[in-house]
Amino acid sequence: MINFVQETNKKKCSVFSDDTKIIDLQLIPSSITNKFNVVTSFINGMSKHYGNQFDEWFINLINTYTLIDTNQIDLNNISEYDIDKPTRFTILESNSESLIKFVNGYIDSLQIDFSNFVDEKKAKKNSILFRENEIKIITRLSGYLKVYSLFFNSENLRLDDRMHRVFYNILSKEITNTEIINKIFNIIQTRTFRYNISDKYMWDYIKMVQCKSIDIHVIEIFNFIMNSILVLCESDKNPIIYFIGVVEESVKWFLRSVYKGSIIYDDSITTEDIQSVNTNNLKTYCYNDTLGRLKNIAYDQIYKIMQENSISKIEDETENEDYELTKLHSRLREIKYISPLSEFLTFPILSRITEIPYDHFKTISAEHSAVLSIYVQNLLTKVFENQFTNMISLLSYYPVDQPILVTTYLLKKLNDNDGFINVQNSLGKFKNFFGFDTITLCNKILSSFVGKIPKSNFIHTITGKVRTNIPTSKIEVEVIKFFTYLFSGQMEPEIKKMKRLLNEDF
């Protein structure tokens, strides 16, 4: 019979067949690990029900899986790779039908009356009602994921994220062809939006400070339930009650508020509170989520810069770290205007590497744009090293006054060796401006870029120092070269490198 022994610190779980150890699982820190007994008791129950038939299949699956090297594919010699050679994914895929068959048979043997979880008499016109067969499908999927969690919840057995999602979809194909997914999302959305009535100002504050709206929270909780909570549903209990409990506890924790009363599953949940929400805004939610996470990464980099600068100074009690952080956040809250550098450098670069439309960046606050500019400055410095230093250095500054909207400035350097015409001609056969063989429009755009910079008074975002001397001629040379190559598509290797650095930060 299959048994499990988990260490007290929950980081390690040993799998046994009677007294013979099969494998040691190095569990990752997660909600599943914290309640791993739900997983082990389910598999133990399957072992008792099926006996040797299940045990032999289960042991063979783990032994075959662990014998395969996770790094067997050499990306440098992909042409020599044998496509028929088994991988860890193909082992799981070939055993998926057996896994599903074992779980379905075991759940049927429990003779659970799923009709007890449904009271259709309470259903109204707009109710989000899970029917008997739908709850059974959810319970089955939970069982599949319990067995699979031995792999994806273990450091030594998990697939890479891409293949994990593929196998997850194989196991969940029964649920994806129904309305169940939409119902789960709607019930999460409805319960969360109820708190928007009593805590509207708190949600507004969170959106302003953390760039996280209530809609983003809904999506995060939905992903959390599908990836971590669904696994932990107990077969003889209503999974919908469990989901709602998780939703409400997450909101309570997030708002740091105390709510009284018990959590009760109400079959008469309606969608009237969310009729005004455009369900097609999923992309917008994703964009905001990405920018919010990117803002946190940028802040971490700023704190690191401040810490490194403070270490290099002689210790001074009046300039402690907390005091500097307080001054930083006070300064950021006072920023009223978005820098021209953000509009023509920060936003286009981030748009390219995040695939978020440029227009979406126009909706962010001045503080947010200043923080992101420092992040982009770090990326550009890593990629271009000693190039474009004057232009890139301005990303650390924000304007005190409203930047001008229109300028009559014209590029001064035209026929110089590093001037506009020579740089354009250096492209040779490559087109100049997004595929169009013209330099007039490009000249006007670059003139506008350079002309807006010297008209602004800048303050350093981190130090608070005023920038007075702006070398316009040097910046013009760098702007000409940088954007000429960017517009003509000659900067793709650098863009890919920045995208890789961003993915590493995430």
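Coordinate-derived values only; no laboratory data. In this text, all values refer to a predicted model and were calculated from it rather than measured experimentally. Cβ coordinates were reconstructed from backbone atoms using ideal geometry, including for glycine residues, and neighbour counts include every protein chain displayed.
Things to note:
- As a proxy for reagent exposure, ranking 383, 5, 147, 406 by other Cβ atoms within 10 Å from fewest up yields 406, 5, 383, 147.
- Exposure proxy ranking, count of Cβ atoms within 10 Å, fewest first, for 67, 99, 92: 67, 99, 92
- Amide proton proximity set for residue 397, modelled H, under 5 Å, gap of 5+: 461
- Listed from fewest to most Cβ neighbours within 10 Å, the set 286, 13 follows the order 286, 13.
- Peptides 231-242, 161-172 ranked from most to least packed give 231-242, 161-172, packing being the mean of other C-beta atoms within 10 angstrom over each peptide's residues.
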